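Worksheet for the structure shown next.
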Amino acid sequence: MSETRSSSSTPGMLIGVDTGGTFTDVALLDPADGRLWVTKTASTPADPSLGFGKGVSDGLAAGGVDGKRVGRVLHGTTVATNLILERKGPAAAILVTSGFRYILEIGRHDIPRKSNLFTWVKPPRPVPPQHIWEIPGRIDASGNIVETLDEEAVRAAAREIAAEGIRTVAIVLINSYANSAHERRVAEIVSREHPEALVSVSSEVLPVFREYERCVTTLLNAYVMPAVSTYVERLEQRTRACGIAAPLMLMKSSGGVTSTLGARRKPVETALSGPAAGAVGAAFVGASAGFGNLLTNDIGGTSADIALIRNGVPRLTTTSAIGGWRVGLPMVDIMTIGAGGGSIARVSKAGGLVVGPESAGAQPGPVCYLRGGTEPTVTDAHVVLGHLPPYLLGGSFTLDVQAAREAIVQRIARPLGMSVEAAARGILDVLDNNMVGAMRVVSVERGVDPAELVFLPFGGAGPLHGSSLARLIGCKTILIPPAPGVLSALGLLVSNLRAEFARTCVQRAGHYDSKQLASVFDELTAEAVAWLDAEEVPTRSRVLLKQASLRYKDQGFELDVPWSGNVDAAALAGVIDGFHDAHERIYSFALRDMPVEIVTLRVDAVGMLPKVTMRELSAGGKAAAAIVGSQRISFASGAVDVPIYDRGKLGAGVRVKGPAVITQLDSTTLLLASQVAEVHKFGSLIVTEEQS
Amino acid sequence: MNDSADYVTPLESAAIDPVTIELVRGAMKSVQNEMEALIERTAMSAFIREKKDFYAGIFDARGRFLAGKSRPGSSDLIGPILEQYPAHTIKPGDLYWYNDCYAARGAVSHSPDQVLAAPVFHAGQLVAFAQAWAHFSDIGGMHAGSISPNCTEYYQEGIIVPVVRLAAEGRINDELMRLFLRNSRFPDAVRGDMRALMASVWLGEKRFEELFKRFGTATMLAVFDALIERVKRAVQERFRALVPNGTYRFTDAIDSDGHGSGPVKLRWKLEVTPERITLDATESGDQVRGPVNYLMSITEPAMTFGSFLLGDSREHTLNAGAESLFDEVQVREGSILQPRFPAPLGQRSITKMRNLGAYLGLLGVATGGKMPAAHTGYVIWNVRGLNADGERFLMSDGVAVGYGARPTADGHDAIYLVAQENYPAEFVEASYPLRVRSYAINRDTGGAGRWRGGCGVVREMEILADEVIVALRIEGDVNPPWGVAGGRCAGSGRCIVNPGRADERVLPPLSDGHVLKRGEIVRIETGGGGGWGHPFDREPERVLEDVRGGFVSRDRAERDYGVVVSADGRHIDIEATQKRRKQRPATKLFHRHEYCDSFE
């Protein structure tokens, strides 16, 4: 797996740019010796490609290298997500099967489980019914044509769509997952009658059953297409302006990268680009330190993204949603909750302490930033308790401890009749409790005992919460990555090319058809190979993985089970056994005599990119030599003076005993009493509980 | 309702600190979520897995409801267990089960809902219960699906399970299970569903033990008290802020029981004095022969009002504290809301959902119309028969309706209920010998108003089997949901076979046993929700958008809203609209076919 793709003797530099809401993080890596440079620049939401360009040139400057030496540019973007969340996409049209004009309006006819019947308000649909055209013609669930396609109706619709000035078109016909003939023909006609239209076809985007989810996914794909296309063009201009001729690749929600061509065709796949890069970065850092099973939590200013990594691979799901819209594509299984350093603490009218999901964000920010924030946040609680030294970013930014204290006294401690320290600890406890609830969902509900997992907190605020969260959820080891604040940018550098090809192929128990299974797998494999060809992946770097989703007869949810070996009866029996085992692991029981159905087949194509190795730290040194100050921390058991360590001065193998504060430019790590951190040779801190 | 309303609540005593209360409350919600996720992912009845007809709950050792479902229902699910099995006889590893609505006094109100509960022990002491229920697709009885509009006795609605011990100290009673499975037409699905419920309550038990270990019994019990006290106060304060002292009456009716009785009145009286708040439903109509009797749990009105009053509050989780909102709830034995055994209960949702609307009507009277309008009760129809492989099949298809408009927003279009999902057309076609021909908004069923009531839907299917039997439950034909504060009533639903063909016919709204052949077409049209406020006050742009989207016809826009839309349906004729809106009809508090101040 360690072959390089380019034939030149010196591999090119890799540059990864992850654009977030506030900062654009950049990581530059020299694969020849594993040297890594990281920088941050302000994001430019009006035109994110500006911040991207600035990031690339800053990164090159930091490494002192010329654009010509760059071998690959990788990018994580929020352009598609923001467009969806802010509903700023273009007017779009949908062509549906006759009788289904209200497919979006009706959806799954539910009110979300946690919502109240009386207060919930249905969010407006992205396309109103008057922009949905019905087309006669019908295919049944087995793929048979039972009513011919009315091509004249398609032509008329295309002309009307053109006359409305709509250029974004999604095509979603009933049962097209079983036979895409009608959809393909509709696409041809629309393209001919309305050549300016950008067309997205459901059997290409997601040939999987359940029409509403497929419709939403296809529509969102169409919806973000023009913007992502323009954006990608701008990115290419920016890289060229930096003298870079190397290819640009974009991170997808599934944790693999794609060429700009792929991103233009299926732009909705870039929706969770940044968080997916974080999960890939976490998997890489975990593997470097010898850990394959991780629970990760990326804690930023406003939200926390939680993910599970099994055997070095981030878990994928096909049931996630973006801004309430279900997207059925495989995405890294990330649970996002509104909890972060900027989460605001309030006393409710009933006298309860509530933390988040409202956030002070970057503006006005926590009270201690003195940027006009008046409501105490999680960061203020840390400052008051002494978890954070009264400065950030290596001293370039000071924090006002007194202002934070005053805010907590006035707004929390006094109304609740508590000391300021107890109130500050309460704020952190409530936040941790919320996060543990979500971490439990991601681990326990996926059938994994947290005790078997290493906890990897990252993001600016992650390492401050790592020690308490690990104890609460029962992880015995904590892994703090070398640069927790820019892990997503690192994730970009170490990712592979990746694409998933899935098709629903329902096989009822007792009616398995190995031939049909083989033929669907063959088709999916052919598509995967065509994609690898288009991405110019050399044969030796190709990996194809088959899997099937199965369920007990009559169940409504499927479990993904890897399919190893050939497609025959013997392999199928193994897959079914695998399903029973997975069911038992995840749901605590299996019904081994119950008939099992196969629902969807999937082939994942991976183009392995040259493997990246981190540079090893030099060994030795004494922990004491890295002490740069001390800090009074208020613990529940009493106040203690705690040493502050400079992480940059800690060599490989050095052990730091808690309680301690370890600072670095992009993050601060808090060690609790009886926790010990050991510096791993690749720069991570491995924190464990001291044996008593 | 939300938290921003300015209610003054004194802080509770400092006996237990607010942080711990918050930690336990959050953790309990997590337990409930985890239990429900497990059921959703493993259950086998389509009713549970696609329609999500299930809920998990957490109770203290006395059976007080701590966290769980926040939609209308009973909070007394453990009481029936404690009556049969006194606390001192309950052992770790036990598992309790029932579906007997009468023995449980309406804790569940029709027999397909199976209740399972596991006791939680800490330090050798019974400290709590983890409970879950779900609607099983078939537990025997008269017809597939167990609850048929044809039923006239509770005995016909499936096997009756009194409170029994399904597992004793960790040992499952296989005999009970075998007996139960033998009674079902779909034993595999029932076995899967039971297994899912068992796994769920055991998971809840385990999680709850962990919580007790973390916080200790004394703290946990103190937190339970504090949370219950908090909800009690919040609900009472919110109620008092909304409803002035006085006596209020509201009457609504269900059309028919499907067996010749009806309309059946639901008559409510609410009395509010500075000392007491009481409800009285004793003047409601008598119980009926058909299965629309609603064995209402005495805690249900308070839980429903509580759910309404707490709204989407993030600081409160609905619990037993809401029970004390009413000092007394009077019902009359032998009435539609308190039938005597063995009156059939299977289709009680018609009554239950209409009764929910009656609560809103009571509040509407009390507040001069500052409350939502009424909704149509959700619709269910069944298709049963043999598929192409000769296997028995049953499709129970829930169909969405429209909900009432509110003082601040339109009613929901095309909604069934919280957290319950429809069968995708592609799921129906892959699973049953049926083709979904159309699934659309039922135009003009939303009551006109300043805020429009939600529209129902049209769902049309073609039969692809040689012969099937169809059962149907649809309501609101004679008495469509009312509008309020000037809003007009909703449109009604109906079921037509072979629409537009020579043999077109309308099926009775509550009926069973319709034999249909291959190629025949069933078209279900569901009703909407009432409107809120004078329709002439609705912005013409919104009315135009409704016309363009097909929610409101041009004719109705002009007749009901006074908005004249151009012939192509794309523009407002401003002059004609202004002229039309000068002839503004007078309104009264309620509207059903015509404006009125109350219903008799």
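Brief remarks follow.
- Test: residue in the stretch A:146-168 that is surrounded by fewer than 16 Cβ atoms within 10 Å (Cβ to Cβ), among the β-branched types (V, I, T) and more than 13 Å from every other protein chain (Cβ to nearest Cβ): yes
- Contacts under 7 angstrom Cβ, first residue in the stretch B:265-284 being more than 16 Å from B:S324 (Cβ to Cβ) and free of Cβ contacts under 8 Å to residues at least 24 places away in the same chain, partner assigned to a loop (DSSP other than H, G, I, E, B) and hydrophobic (A, V, I, L, M, F, W, C), 6 or more apart: B:R267/B:A281
- Qualifying residue in the stretch B:331-343 (condition: at pLDDT 95 or above and closer than 30 Å to B:A128 by Cα): yes
- Candidates B:G377, B:G369 - the one that is within 14 Å of chain A (Cβ to nearest Cβ), crowded, with 21+ Cβ neighbours inside 10 Å and not aromatic (F, W, Y): B:G377
- Filter result (buried (at least 24 other Cβ atoms within 10 Å of the Cβ) and within 9 Å of chain A (Cβ to nearest Cβ)) within the stretch B:407-416: B:D410, B:H412, B:D413, B:A414, B:I415, B:Y416
- Pick from the stretch A:111-160, criterion among the polar types (S, T, N, Q) and under 36 Å from the mean Cα position of the chain (by Cα), ranking: farthest from B:E429 (Cα to Cα): A:T119
- Single condition B:H412 does not satisfy, out of (1) of a type outside the set (G, A, S); (2) out of contact with any Leu (no Cβ under 8 Å at 6 or more places or on another chain); (3) closer than 23 Å to B:E600 by Cβ: (3)
- Hits in the stretch A:545-563 - residues which are more than 9 Å from chain B (Cβ to nearest Cβ) and not in a strand (DSSP E or B): A:E558
- Tallying residues that are in a strand (DSSP E or B) and over 20 Å from A:G300 (Cβ atoms) within the stretch A:392-420 yields 1.
- Checking B:G357 against (1) within 14 Å of chain A (Cβ to nearest Cβ); (2) over 16 Å from the mean Cα position of the chain (by Cα); (3) assigned to a helix (DSSP H, G or I), the condition it does not meet: (2)
- Matching entry among A:V603, A:V612, A:V599, A:V654 (being in contact with a helix residue (DSSP H, G or I) (Cβ under 8 Å, 6 or more places away or on another chain), within 30 Å of B:E40 (Cβ to Cβ), in contact (Cβ under 8 Å) with a residue 24 or more places away in the chain and not polar (S, T, N, Q)): A:V603
- Checked against the criteria, A:E105 counts as surrounded by 21 or more Cβ atoms within 10 Å (Cβ to Cβ), within 10 Å of chain B (Cβ to nearest Cβ) and either in a loop (DSSP other than H, G, I, E, B) or among the acidic types (D, E) (or both).
- Within the stretch A:108-142, the only residue that satisfies the criterion of being on the phi > 0 side of the Ramachandran plot and at the interface with chain B (Cβ under 7 Å from one of its Cβ atoms) is A:H109.
- If only residues of the stretch A:40-84 that are polar (S, T, N, Q) and part of a helix (DSSP H, G or I) are counted, the one that is farthest from the chain's Cα centre (by Cα) is A:S57.
- Qualifying residue in the stretch A:321-328 (condition: buried (at least 20 other Cβ atoms within 10 Å of the Cβ), modelled with pLDDT of 90 or more and not hydrophobic (A, V, I, L, M, F, W, C)): no
- Residues located in the stretch B:103-127, provided they are assigned to a strand (DSSP E or B) and closer than 17 Å to B:G170 by Cα: B:L116, B:A117, B:A118, B:P119, B:V120, B:F121, B:H122, B:Q125, B:L126
- Candidates B:A43, B:A37: the one that is within 14 Å of A:R551 (Cα to Cα) and either free of Cβ contacts under 8 Å to residues at least 12 places away in the same chain or surrounded by 24 or more Cβ atoms within 10 Å (Cβ to Cβ) (or both) is B:A43.
- Scanning the stretch B:119-140 for residues that are crowded, with 24+ Cβ neighbours inside 10 Å, at pLDDT 95 or above and of a type in the set (F, W, Y) yields one hit, B:F129.
- Total residues in the stretch B:158-185 satisfying the condition of being within 14 Å of chain A (Cβ to nearest Cβ), touching a strand residue (DSSP E or B) at 6+ places or on another chain (Cβ under 7 Å) and under 22 Å from B:C101 (Cα atoms): the figure is 2.
- Any hit, the stretch A:90-97, residues being touching a residue at least 60 places away in the same chain (Cβ under 8 Å), facing another protein chain (nearest Cβ under 10 Å), on the phi < 0 side of the Ramachandran plot and buried (at least 20 other Cβ atoms within 10 Å of the Cβ): yes
- Filter result for B:S261 (among the small types (G, A, S), free of Cβ contacts under 8 Å to residues at least 60 places away in the same chain, touching a Leu at 6+ places or on another chain (Cβ under 8 Å) and part of a loop (DSSP other than H, G, I, E, B)): no
- Residues satisfying the stated conditions in the stretch B:423-452, i.e. more than 10 Å from chain A (Cβ to nearest Cβ) and in contact with a Lys or Arg (Cβ under 8 Å, 6 or more places away or on another chain): B:D444, B:G446, B:G447, B:A448, B:G449, B:R450, B:W451, B:R452
- Candidates are the residues of the stretch B:308-326 that are among the hydrophobic types (A, V, I, L, M, F, W, C) and within 11 Å of chain A (Cβ to nearest Cβ); the one that is nearest to the chain's Cα centre (by Cα) is B:F308.
- Looking only at the stretch A:110-139, residues that are buried (at least 17 other Cβ atoms within 10 Å of the Cβ) and touching a Leu at 6+ places or on another chain (Cβ under 9 Å) come to 16 in all.
- Of all the residues in the stretch B:223-238, those that are over 16 Å from B:P301 (Cβ atoms) and either buried (at least 22 other Cβ atoms within 10 Å of the Cβ) or among the aliphatic types (A, V, I, L, M) (or both) number 7.
- Qualifying residue in the stretch A:273-287 (condition: of a type in the set (A, V, I, L, M), surrounded by fewer than 21 Cβ atoms within 10 Å (Cβ to Cβ) and either touching a strand residue (DSSP E or B) at 6+ places or on another chain (Cβ under 8 Å) or in a helix (DSSP H, G or I) (or both)): yes
The values are calculated or read from the model by the stated rules, or taken from the named source; none is laboratory data. What you see is a predicted model, and the numbers here were worked out from it, not measured in a lab. Backbone-built Cβ (ideal geometry, glycine too); neighbour counts: all protein chains shown.
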